[in-house]
Amino acid sequence: MADQSQIPEPTELVYVPGPSWAPMFTAVGAAALAIGAFTNFFYALVGAVVLVIAAVHWLRDSDRAAERLPRRQKVTSAVIPPTELRR
């Protein structure tokens, strides 16, 4: 096994968003909207309201998460130059 003191510090970091209930509520709202389209107008109305509120919350939350990301990262690996596709 490699010596732990030989492992370099990471330079490029991966950020993942935190947990959220918004995707689940978006799916529930879409399902209620679809069910309401075939059964009762009330279900469609409630589904549309839940869908819009959850989607807006989801988009605002992702925007806040994107603003917390660092703007520049120090790259220590070599950049691969683009090549043309040949037939």
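The values are calculated or read from the model by the stated rules, or taken from the named source; none is laboratory data. Everything numeric here is computed off the predicted structure, so don't read it as measured data. In this analysis, Cβ positions are derived from the backbone assuming ideal geometry, glycine residues included, and neighbour counts consider all displayed protein chains.
Values for this structure:
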{"read-out": "Count of region 29-72 residues which are in a helix (DSSP H, G or I), without any contact (Cβ under 8 Å) to a residue 12 or more places away in the chain and exposed (fewer than 14 other Cβ atoms within 10 Å of the Cβ)", "value": "12"}
{"read-out": "Check on residue 26, polar (S, T, N, Q), loosely packed, with under 15 Cβ neighbours inside 10 Å and without any contact (Cβ under 8 Å) to a residue 40 or more places away in the chain", "value": "no"}
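Results for (1) modelled with pLDDT of 75 or more; (2) of a type outside the set (Asp, Glu), shown as yes or no for each residue.
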| site | (1), (2) |
| --- | --- |
| 43 | yes, yes |
| 46 | yes, yes |
| 51 | yes, yes |
| 54 | yes, yes |
| 57 | yes, yes |
| 67 | yes, no |
| 78 | no, yes |
| 84 | no, no |
